[in-house]
Amino acid sequence: MEAFSTYFWLGYAHITDLAAIDHILFLMVLIVRFQPKEWFDIIITITLFTIGHSITLILSALDLFKPSKNWIEFLIPVTILLSSINNLISLDKKGGKFTKWIALLFGLIHGFGFSNYYSMLTNSAGSFWSALLPFNLGIEWGQLVVVFIILGVSLLIQNLLNYKHRDWLIFVSGGGFALSLWMAIENSPL
């Protein structure tokens, strides 16, 4: 049980660390479309993201499919960029279903980003499988904590500053677009 707890908290720390700002920014852009009252849809979306990144984390950590780290470091901000664009072009449309599938699809890309760290944690075959569930649960818990902090800040800003949800969506998505474009250019493998 001690090993479970260790890997759980390593997964949690990995996603909540400010060094993982790209993943946090992705979560922010991904869920800004939802209203806080849509908490169940938010949890499903985050869980689909976890499923996506778990699949590629396993494939990459087992060396079954391991794309270039340079391309993954470029594609992660591209996922934020595309999610921001989706938010901005569909401002007045209900984008929840599409957003859920974006989370799953883009989770596949983010999983390759997690795999290098995970491989370092589990350098022996025996710990690979025993660490997989607690590590992913830790990431899931960390993502939910980050998401609920983002929702709390969103509520405060929208209520205190009298922002409409649409205005907040434009602000966060515009910021996500600008930051992710800068990160993508900075990490361009070309």
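So that you can scan it fast, the table gives a plain yes or no per residue for (1) touching a residue at least 60 places away in the same chain (Cβ under 8 Å); (2) of a type in the set (A, V, I, L, M, F, W, C); (3) over 22 Å from TRP182 (Cβ atoms):
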| position | (1), (2), (3) |
| --- | --- |
| LYS69 | no, no, no |
| GLU73 | yes, no, no |
| VAL78 | yes, yes, no |
| PHE98 | no, yes, yes |
| ILE102 | yes, yes, no |
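Taken over segment 7-38, the residue count meeting the criterion of being in contact (Cβ under 8 Å) with a residue 12 or more places away in the chain and part of a helix (DSSP H, G or I) is 22.
Applying the condition of being of a type in the set (A, V, I, L, M) and open to solvent by 10 Å² or more (accessible area, probe 1.4 Å) to segment 16-26 and asking which residue is modelled with the highest pLDDT yields LEU25.
Given the criteria assigned to a helix (DSSP H, G or I) and open to solvent by less than 30 Å² (accessible area, probe 1.4 Å), does LEU88 qualify? Judged against the criteria, LEU88 is not a match.
Looking only at residues in segment 176-190 that are outside any helix (DSSP H, G or I) and over 16 Å from ALA20 (Cα atoms), which one is most open to solvent (accessible area, probe 1.4 Å)? Even if it seems obvious, please write down each step before you answer.
Going residue by residue through segment 176-190, those that are outside any helix (DSSP H, G or I) are 187-190.
From the residues that got through so far, the ones that are over 16 Å from ALA20 (Cα atoms) too are 188-190.
Details: SER188: 49, PRO189: 45, LEU190: 170 Å².
The extreme case among them is LEU190.
To keep it simple, each residue is scored yes or no on (1) out of contact with any strand residue (DSSP E or B) (no Cβ under 7 Å at 6 or more places or on another chain); (2) open to solvent by 50 Å² or more (accessible area, probe 1.4 Å); (3) part of a helix (DSSP H, G or I).
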residue: GLY52; (1), (2), (3): yes, no, yes
residue: ILE55; (1), (2), (3): yes, yes, yes
residue: ILE58; (1), (2), (3): yes, no, yes
residue: LYS66; (1), (2), (3): yes, yes, no
residue: GLU73; (1), (2), (3): yes, yes, yes
residue: PRO77; (1), (2), (3): yes, no, yes
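For (1) closer than 17 Å to LEU132 by Cβ; (2) at pLDDT 85 or above, each residue gets a yes or a no:
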site	(1), (2)
MET1	yes, no
SER5	yes, yes
GLY11	yes, yes
HIS14	yes, yes
MET28	no, yes
VAL32	no, yes
GLN35	no, no
PHE40	no, yes
THR50	yes, yes
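Give the residue that is farthest from LEU75 (Cα to Cα), with candidates limited to residues of segment 163-173 that are open to solvent by less than 60 Å² (accessible area, probe 1.4 Å) and touching a Leu at 6+ places or on another chain (Cβ under 7 Å).
Keep residues of segment 163-173 that are open to solvent by less than 60 Å² (accessible area, probe 1.4 Å), which gives 165, 168-169, 172-173.
Filter again for touching a Leu at 6+ places or on another chain (Cβ under 7 Å), leaving 169, 173.
Details: LEU169: 23, SER173: 18 Å.
Across segment 163-173, the extreme among qualifying residues is LEU169.
Which members of segment 68-89 meet the condition of being under 16 Å from LEU108 (Cα atoms) and among the β-branched types (Val, Ile, Thr)? Once the filter is applied, which keeps residues that are under 16 Å from LEU108 (Cα atoms) and among the β-branched types (Val, Ile, Thr), segment 68-89 yields ILE72, ILE76, VAL78, THR79, ILE80. If only residues of segment 134-150 that are open to solvent by 60 Å² or more (accessible area, probe 1.4 Å) and in contact (Cβ under 8 Å) with a residue 24 or more places away in the chain are counted, the one that is nearest to the chain's Cα centre (by Cα) is TRP141.
The values are calculated or read from the model by the stated rules, or taken from the named source; none is laboratory data. Nothing here was measured: the structure is a model prediction, and the numbers come from that model. Here the Cβ is made from the backbone with ideal geometry for all residues, glycine too, and neighbour counts use every protein chain on show. Side chains are part of the model used for accessible areas, which takes the heavy atoms of the whole protein and leaves out ligands, DNA and RNA. Shrake-Rupley method; radii C 1.70, N 1.55, O 1.52, S 1.80 Å.
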